[in-house]
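K.L.:
Here it is, the structure, as structure tokens.
What follows draws every value from the coordinates through simple rules; no lab data is involved. Every value quoted in this text rests on a predicted model; they were computed, and no experiment measured them. Ideal geometry is used to build each Cβ from the backbone, glycine not excepted, and the neighbour counts take in all protein chains shown.
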Amino acid sequence: MASMRDIKRRKSSVESTQQITKAMKLVSTVKLQRAKARAEQSKYYFRAVYETVTSILAKAGEVDHPYLKGGGDGKKAIVLITSNKGLAGGYNSNVIKLITRNDEFNKDNTTIYAIGKKGKDAFLREGYPIFKDFSEAIEEPVYKDGMIVTEELLKAFEKGEISEIYLAYTYFKNTVSHVPTLLKLLPVDMDAVDQDIDGDGIPDEKPAPTAPMNFEPADEEALNLIIPKYISSLIYGALISAQAAENGARMQAMDNATNNAADMIDHLSLLYNRARQGKITTELTEIIAGADAIS
């Protein structure tokens, strides 16, 4: 059995850890409120852009455009959104597993565009090539971040260096529910847009074409303008949603850690009291035994 001194030191250490986790929970709670408001405000735009572009494509018919046909025989590119910091429960590992446990992706046919140091470090350890690191974008996401990532992706896509583009992130459904999500961005075809974009587990239905789509200017010029904005909007929406999910996950993790620390402190207090009582009993026994020996 541990000595009273050891138990007291252990208890003091746990109490110090509890103070840290409690402080981190409070910080995450404040950040979550701000990020949650941004996520709830942006998700309507995020959804409207998705529905608008899919509606256009549903009515467009057979349009000969590289964004719809594919980008050659290049690798599959994944825009991976994770966090720069840990202590967020399974937030990072869950979105990473979307890729590592998917048979479509491997070290030879996949390249990573990392937004978040945790995801970048994890895939470096797995041996995946990291094409570019945009980790600073997750701290305070703005629409320009989505545009910068989109420009890099489209350059590689047009050169044939990558043939498909995916977006892996965590959808913020509510404070306690965060859904790892994988979306296909390019090539944009009707199979690609029939996806679960709102994280409810139900694939979004494609809008039924009701009339032919006429482009003004020409379809190629119009899609050259529409598709980059579409991808930028999806990436920006994913950044906002992922930031809220990260803070929500960290708040839950720190709340659980604080509660576990409280349980451990109660257990150590009980052990300390038992050890103290045992020591007192032993001393009394020795005194009584000594008195009897003298008498």
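K.L.:
Once R0 is set to 25 Å, what does the formula 1/(1 + (r/R0)^6) return for the Cβ-Cβ distance between residue 276 and residue 17, expressed as a FRET efficiency to the nearest 0.05?
P.N.:
Given R0 = 25 Å and the Cβ-Cβ separation, E is 0.60.
K.L.:
What does the extension gain come out to for residue 292 and residue 140, with contour length at 0.36 nm per residue minus their alpha carbon separation?
P.N.:
Once the chain is fully extended between residue 292 and residue 140, it gains 47.0 nm.
K.L.:
Compute the angle between helix 143-159 and the longest alpha-carbon principal axis of the chain, please, reported from 0 to 90 degrees and rounded to the nearest 10.
P.N.:
Compared with the principal axis, the helix lies near 60 degrees.
K.L.:
Still on this structure, please answer the following. Around residue 253, what is the net charge, scoring Lys/Arg as +1 and Asp/Glu as -1 over all other residues with Cβ under 14 Å from its Cβ?
P.N.:
Neighbour charge sum, excluding residue 253 itself: +4.
K.L.:
Turning to a different aspect of this structure: Where the centre of each part is set by its Cα atoms, how far does the stretch 64-140 sit from the stretch 275-295, in angstrom?
P.N.:
68 Å
K.L.:
Using 0.36 nm per residue, how much length does the chain from residue 51 to residue 100 gain when fully extended, once their Cα-Cα distance is taken away?
P.N.:
That works out to 14.7 nm of additional length.
K.L.:
Here's another thing I want to ask about it. Under a 10 Å cutoff between Cα atoms, tell me which one of 237, 248, 89 has the largest fluctuation in the Gaussian network model of the chain.
P.N.:
Result: 89 has the largest fluctuation of those listed.
K.L.:
Per DSSP helix of 4 or more residues, -39500 (n - 2.57); summed, then divided by the residues of the chain. What does that give at 222 nm, rounded to the nearest 500?
P.N.:
One gets -21500 deg cm²/dmol as the mean residue ellipticity at 222 nm.
K.L.:
Mind computing the radius of gyration and Dmax over the alpha-carbon atoms of the stretch 144-183? Å is fine for both.
P.N.:
Cα radius of gyration and Dmax of the stretch 144-183 are 13.7, 42 Å respectively.
K.L.:
What's the angle, to the nearest 10 degrees (0 to 90), between helix 117-126's Cα axis and the longest principal axis of the chain?
P.N.:
Taking Cα atoms only, the helix is inclined about 90 degrees.
K.L.:
Per residue Cα convex hull volume for the chain, in cubic angstrom?
P.N.:
About 149 Å³ per residue, rounded to a whole number.
K.L.:
Distance between Cα centroids, the stretch 1-20 to the stretch 142-174: provide it in whole Å.
P.N.:
Measuring centre to centre over Cα atoms gives 48 Å.
K.L.:
A further question on this structure: Measure off 7 Å from each Cα along the Cα-to-Cβ vector at residue 255 and residue 41, then give the distance between these two points in nanometres to one decimal.
P.N.:
2.4 nm
K.L.:
Continuing with the same structure: Which is the longest run of the chain containing none of the GluC sites (Glu not before Pro) found in DSSP loop states (not H, G, I, E, B) with at most 14 other C-beta atoms within 10 Å?
P.N.:
Longest run free of exposed loop sites: 206-295.
K.L.:
Follow-up. Running a GNM on the chain with Cα contacts under 10 Å, which residue among 174, 84, 92 ends up with the highest mean-square fluctuation?
P.N.:
Per the Cα network of the chain with a 10 Å cutoff, 174 tops the list.
K.L.:
May I pose another question? If the elastic network links every pair of Cα atoms under 10 Å, which of 132, 173, 155 fluctuates the most in the Gaussian network model of the chain?
P.N.:
155
K.L.:
How many percent of all Cα-Cα pairs in the stretch 74-195 sit more than 24 Å apart? Display every interim value, and only then the final one.
P.N.:
On the way: 1666 of 7381 pairs.
Everything past 24 Å amounts to 23 percent.
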